[in-house]
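Taking it in order: structure first as structure tokens, then the write-up.
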Amino acid sequence: MHFLSPLLENYIAANSAPEPEVLQELRRETHLKVIQPRMLTGHYQGRVLSLLSKLIAPKNILEIGTYTGYSAICLAEGLQANGHLHTIDINEELNEIQHKYYTKSGNASKITQHIGDALDIIPHLDGPFDLVFIDAEKKQYDNYFEAVLKKCRPGSVILSDNVLWSGKVVEPLQKSDKATTALLAYNKKLATDKRVETVLLSIRDGLTLSRVK
């Protein structure tokens, strides 16, 4: 489902901050060499992530779901001078492209890549995290949220991506669709969870912003 026409999407991107050259290169290489390039954050949402990070000015960032590293580079743009970003992904096959562009972006020393199950890794990371970006297995969103909440402080921001799930959250639900079922429950939970203040933004495929109370 397209929430906006391609014409409007192009207009919005054209009237937002330009995509940095290193990210243009990463986007092109991802489309040429990597399966499911649709998973890439992309120009407009990438600039949203970058600006949010700059507004928050985090010392520590946690990202769950790295893919080729586009969003990690965007988020790292807002880190404090001595800040650090930890990013977790289950797929080690993308390490080469991730580190290539971490280096090109000038942020390699600020980014630590973890390979494995996020739910196993998160408990062993030092917090608190000022900014968290969740963009991995949709059926695990609630578990990710509970795990990272323990590593946050009052005022920390948790971002959750793909929460509109191509519009499936408002379409008739198929009993076999476990991902949509999980996201419906997750969205309802965040809207009513008194531990956070939440707004769901209609950016790209849906981006939820939750502030820890």
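The values are calculated or read from the model by the stated rules, or taken from the named source; none is laboratory data. Computed from a predicted model, the values in this text were never measured in an experiment. Backbone-built Cβ (ideal geometry, glycine too); neighbour counts: all protein chains shown. Surface accessibility is based on the protein's heavy atoms, side chains included, excluding ligands, DNA and RNA. Shrake-Rupley method; radii C 1.70, N 1.55, O 1.52, S 1.80 Å.
Over the chain, dividing the summed -39,500 (n - 2.57) contributions of all DSSP H runs of at least 4 residues by the number of residues returns a 222 nm mean residue ellipticity of -11500 deg cm²/dmol.
Computed over the chain, the quotient of the alpha carbon radius of gyration and 2.2 N^0.38 Å is 0.97.
Whole-percent P(r), segment 119-189, all Cα pairs, 10 Å bins from 0: 19, 47, 25, 8, 0. What separates the Cα centres of segment 1-55 and segment 84-153 is a distance of 20 Å. Full extension of the chain between Gln80 and Arg153 gives 24.6 nm of extra length, using 0.36 nm per residue less the Cα-Cα distance. Most simply put, the chain has about 35% antiparallel DSSP beta bridges, counting only bridges with both residues inside it. A simple spin-label model places pseudo-atoms 7 Å from Cα toward Cβ; at Asp205 and Ala191 they are separated by 2.1 nm. Label sites at Ala14 and Lys100, each approximated as a point 7 angstrom past Cα along Cα to Cβ, lie 3.1 nm apart.
Per residue, how large is the accessible surface of segment 62-213? Use a 1.4 angstrom probe and give square angstrom. Spelled out: the 1.4 Å probe surface of segment 62-213, per residue, equals 46 Å². Computed on the Cα trace of segment 1-69, the radius of gyration divided by the Kirkwood hydrodynamic radius gives Rg/Rh = 0.98. The amide H of Asn60, built 1.01 Å from its N in the peptide plane, has His84, Asp130, Leu131 as neighbours under 5 Å, considering only residues 5 or more places off or on other chains.
Multiplying the residue separation of Ser109 and Glu92 by 0.36 nm and subtracting their alpha-carbon distance yields 4.2 nm. Computed in the context of the full set of protein chains, the accessible area of the chain at 1.4 Å probe radius has 55% of its extent on carbon or sulfur. For segment 105-208, which trypsin sites (Lys or Arg not before Pro) are in a loop by DSSP, counting at most 11 other Cβ atoms within 10 Å? Filter output for segment 105-208: Lys150, Lys175, Lys194. For the listed peptides 58-64, 26-32, 98-104, a ranking on the average number of other beta carbons within 10 Å per residue, highest first, reads 58-64, 98-104, 26-32.
Loop-located GluC sites (Glu not before Pro) in segment 129-213 (DSSP state not H, G, I, E or B) with no more than 16 neighbouring Cβ atoms inside 10 Å do not occur.
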